[in-house]
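A short worksheet on the structure shown next.
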Amino acid sequence: MKRIAIFFRTNTGAALLNMLVAYAVFMISRLAFFFENYSTFAPDMSADLAMSMLRGALVFDTSALLYINSLYLVLMLLPWGRKEVAGFHRFLKWLFVATNSIGLALNLGDAVYFTYTGRRSTVTVFSEFASENNIVSIFLTEFVNHWYLVLLFAVLVALMWLCYRTPDKCIWQRRWRYYVAQCVTLLVLAPLAIIGIRGSATAGTRPITISNANEYVNRPIEGTVVLNTPFSIIRSIGKKVFVTPSYMPMEEMKRTYEPIITPVRDSLTTSQKKNVVVLIVESMGKEYIGSLNPTLESGHYKGYMPFVDSLLAKSLTFEYTFANGRISMDAMPSILSGIPMMVEPFFLTPASLNDVGGLPKMLRPRGYYSAFFHGAHNISMGFSAFAHAIGYEKYYGLNEYCRSPKYGGMDDFDGKWAIWDEPFLQYTLDEIGTFRQPFLVSMFTASSHHPYNIPAQYAGKFTDAPGGLPIYKCVRYTDMALRRFFERASHEPWFRNTIFVLVADHTNINQHPFYKTEQGLYSIPIIFYTPDGSLRPGVMKDVIAQQTDIMPTLMHILGYDKPYVAFGCDLLSTPADQTWAFNYNNGVYQYFKGDLMLQFDGQKTIGLYRFKTDSLLKQNLAGSLPQQATLEHELKALIQQYMHRMNTNQLILR
């Protein structure tokens, strides 16, 4: 016991104790992550899964903590007697506490941010908010709303400070023992650190990546509990986002999947140059719409968007409808250019500088005027840059709104993100009234968004939205704003000659178990409404629709006659059993086709579910169905095509 006590007074022993404290802090922050998102993870939790998660967590925490503490460990164990003074060890204490506090803050911050993204943050999170000048205000709001996490952060930082072990000076003065011990420790630590950072001692294996977390869980979303945010950020720094895999020869890839749409003409194709209005509604998850959930609450579920329900009765929609991503940045490329999110948001990758097509570029030669509306600061989220890149002639943002004498300018700003939906939608109608026809207008709403506020004059108006989730009053407010938009638009001369598309950018916080699954997290409405009745209202049964299908479907209706690139399909001419959807979830590619959902980690299939009948994804059929090989081959071709075209600038036909 005495020798053990002496060991922990040495530099090596003290460093070991301090690292154990860091492990404990990371594990506590993981528990905070779990309990902050308890309803997502708890229903499927078991003792075996918890133990597997713990094993995985130790692997990923080891890697992250060795990265974070590498400088600390080298300085602490450096065999140099002159550094063994009180001042230097005070510096090491500050270094240890500061670096691990940053890691702790990232973990606790992601406990909150996970609600909106469904994944651990990567290095692109810094680019995602780089142009937002309201970020400090948002953080302050979160500090208040999640005060208990701030308190936990303070307690854990204090714990690291108080528990920090400084080596005993008397040990340093035994010169030869000191130098031998330091040198031996460094020689032993170096290979162990490499193994710990790589996550494996097996020769020839690759260093662990984010997707390796799926080895310890049953569902990809559970991998976020195994991971920690510092690891996710560090491992994504400097990584090439799009790496073209060699799943198959290029000719076989093209035979299996080619994202070139050849338009068809049939009775649904119009000879008129119809106007197009695409309304991208912030966070309008399918869960919030009563008529799209006939089985919830024994058929008595009314939802929170009564106007959208009434519009659906006059519109065309599809039985299974999905977003291609989980954040607002993913929606514009998917909806307007047929480019799904894969690995990272398209805006934040070098491929965003590629030549990109889209609705405005395709329709301009046919005489269409185009404009994009978003009530946030004009540089927010990179929307204006992307709108310009795909050919929108005019962008209307906060700056333009504030120049209108008819409205309240910054008095109509929600204080965090954008102009409230109601006035901005009315402003959009004012501007549309000045456009020549035919026109393409796209509008992105903002009010159904964290921190879930509504204008003061509506406080208490939407108290009939039961359930307790803070977003409910926001979607009720946005629903009211959409009703006022359509009521006024219906009196405009251009209204009956217009195709309206209502689609969500992504889902948001959810209550019902289905909407917490890997299927439900991407379930959004996709609605086509033609006031002249040229599209027959109803639900196209067994059709799988995704955001990237919107552009091809519109091109069919409008009679576009040239081939183009889009990672989707024309929903009006593709047989139901050939429709499909794709999304990317925590290092796992998800592919829906027929009645099956395939989950593929880039190397192997990890999940196969009959998602139409097994809605909660309880029965993993991987390895038991002959269709798996076909689906996997198709998905590999899709991934390879996507990566190849991103890396060779082939997103348009030349």
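Observations on the model:
- Rolling a 1.4 Å probe over the protein heavy atoms leaves residue 488 with an accessible area of roughly 70 Å².
- Shown here: semi-axes √(5λ) of the Cα gyration tensor in Å, derived from the displayed model; of the candidates (1) 71, 26, 23; (2) 49, 28, 23; (3) 42, 36, 27, it corresponds to (2).
- Average accessible area per residue (Å²) across region 343-501 - probe 1.4 Å, nucleic acids and ligands excluded: 37
- Distance from the C-alpha centroid of region 7-44 to that of region 212-226: 18 Å, rounded to the whole angstrom.
- Check: region 226-327 dipole with +1 on Lys, Arg Cβ and -1 on Asp, Glu Cβ, in debye: 380
- C-alpha center-to-center spacing [region 554-599, region 460-518] in angstrom: 25
- Ranking by accessible area, most exposed first, for 550, 197 with a 1.4 Å probe: 197, 550
- With all protein chains in place and ligands, DNA and RNA left out, the 1.4 Å accessible area ranks 570, 561 as 561, 570, largest first.
- Among the protein heavy atoms of the chain, carbon and sulfur supply 60% of the accessible surface, probe 1.4 Å, non-protein parts ignored.
- Distance in nm between pseudo-label sites at residue 271 and residue 47 (7 Å out along the Cβ direction from Cα): 7.5
- Beta bridges per DSSP with both ends in the chain, % antiparallel, nearest 5: 50
- Listed values for region 349-364 are Karplus-derived 3J(HN,Hα) couplings in whole Hz (6.51 cos²θ - 1.76 cosθ + 1.60, θ = phi - 60°), namely 10, x, 5, 5, 8, 5, 6, 10, x, x, 3, x, 5, 6, 8, 4, and x replaces Gly and Pro.
- Against the criterion of solvent-accessible heavy-atom surface with a 1.4 angstrom probe, 177, 119, 219 sort, most first, into 177, 119, 219.
- Only one residue of 425, 521, 95 has its Cα farthest out toward the positive end of the dipole of the chain, where Lys and Arg carry +1 and Asp and Glu -1 on Cβ, and that residue is 95.
- Net length gained if the chain between residue 410 and residue 179 were fully extended (0.36 nm per residue, minus Cα distance): 76.5 nm
- Gyration tensor (alpha-carbon) shape descriptor, region 456-557, a/c threshold 1.5: oblate
- Area of residue 66 that stays accessible when all protein chains are in place (1.4 Å probe, Å², to 10): 30
- Assigned charges on the beta-carbon of Lys, Arg, Asp, Glu; region 254-406 dipole about Cα centre (debye): 600
- Full extension of the chain between residue 309 and residue 595 gives 100.3 nm of extra length, using 0.36 nm per residue less the Cα-Cα distance.
- Accessible surface calculations at 1.4 Å, restricted to protein heavy atoms, place region 66-105 at 47 Å² per residue.
- Our coupling estimate for region 428-436, obtained by passing each phi through the Karplus curve with A = 6.51, B = -1.76, C = 1.60 and θ = phi - 60°, is 4, 5, 4, 5, 4, x, 9, 7, 7 Hz, Gly and Pro reported as x.
- Listed cross-link partners 254/274; 516/541; 516/612; 416/461; 274/361; 254/618 are compared with a 27 Å cut-off, the Cα-Cα value being larger for 254/274; 254/618.
- Simple spin-label estimate for residue 378 and residue 251 gives 5.3 nm between the two label positions (7 Å along the Cα-to-Cβ direction from each Cα).
- Whole-Hz ³J(HN,Hα) from phi, Karplus 6.51 cos²θ - 1.76 cosθ + 1.60, for region 499-513, glycine and proline x: 9, 9, 10, 10, 8, 7, 6, 5, 8, 9, 5, 10, 10, 7, x
- Nonlocal amide H pairs with residue 146, under 5 Å, H built at 1.01 Å: none
- Here the sum of -39500 (n - 2.57) over DSSP H runs of 4 or more residues, divided by the residues of the chain, equals -13000 deg cm²/dmol at 222 nm, to the nearest 500.
- Dipole magnitude (debye, nearest 20) for the chain, charges at Cβ of Lys, Arg, Asp, Glu: 2260
- Theoretical FRET efficiency, 1/(1+(r/R0)^6), r = Cβ-Cβ of residue 187 and residue 90, R0 25 Å, to 0.05: 0.35
- Each of residue 633 and residue 355 was given a label point 7 Å from its Cα along the Cα-to-Cβ line. The distance between the two points is 3.3 nm.
The values are calculated or read from the model by the stated rules, or taken from the named source; none is laboratory data. Only a predicted model underlies this, so the values are computations on that prediction, with no experimental measurement involved. Heads up, the Cβs are rebuilt from the backbone with ideal geometry, glycines too, and the neighbour counts pull from every protein chain shown. Ligands, DNA and RNA are excluded from the accessible area calculation, which covers all protein heavy atoms including side chains. Shrake-Rupley method; radii C 1.70, N 1.55, O 1.52, S 1.80 Å.
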